[in-house]
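One structure is given here, and the rest of the page talks about it.
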Amino acid sequence: MIPALEDIEVERIHRGNDSEKKAERKSVNVDMNPMVDLAFLLLTFFMLATTFSKPQAMELLIPAKADASNTEKEMAVKESKTLSLVLHSDELTWYRGITDPETFNVAYDSKEFHQVLNTHVSTIDGLVVLIKPQEGSNYGQLVSVLDALNLEGVKRYAISELSEFDQGLNQPSDETTEGDGE
């Protein structure tokens, strides 16, 4: 039979097990502060030690289209301050001036080409470089020339159309004339 509720000693049941369980159970207290500090130190280290990929783009300033009300204003440039670069399929031809110039052929990305640019930039104040791509040239060659201009510190340059003289310049032959300036 089931004993009556008054006959059950509740206190004695709970008291007997408490002293034994306390000896077995130990409180575990884990300090998380050192782990958080380490995580932030590692995060900071990797942020400072790595280099983020930088975009490899050249900034080009393109003039806005002229409105119908605005007339296009052309800026006169002295012939002595111009350097023309005609881009061919495997070499480029450069010359100074416009009337009856002497032409020189150099290879893309050659030391001679950089030397020509450096010489003209240092000697001619307000140099304007006219880049004239022919049909045989490609976009990579144009980018190569723009990189060289940027590297040598040319401030003013323009991509222009071929003149009659430039169209008369065919692909350079095997006999290339190389010069250092003038």
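None of the figures in this text is laboratory data; all of them are computed from the coordinates on show. Note that the structure is predicted; figures quoted are calculated from it, not measured. Neighbour counts are summed over all protein chains in view; Cβ atoms, including those assigned to glycine, are modelled from backbone coordinates with ideal geometry.
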Counting only DSSP beta bridges fully inside the stretch 79-168, the antiparallel percentage to nearest 5 is 45
Sites Glu79 and Ala57 - FRET efficiency at Förster radius 35 Å, r taken between beta-carbons, to 0.05
0.55
Expressed in nm to one decimal, what extension gain is obtained for the pair Asp147 and Leu5 from 0.36 nm per residue of sequence separation less their Cα-Cα distance?
41.4 nm
Residues meeting the amide H criterion for Ile131 (H placed from the backbone, H to H distance under 5 Å, 5 or more places apart or on another chain) are Leu85, Ala158, Ile159, Ser160
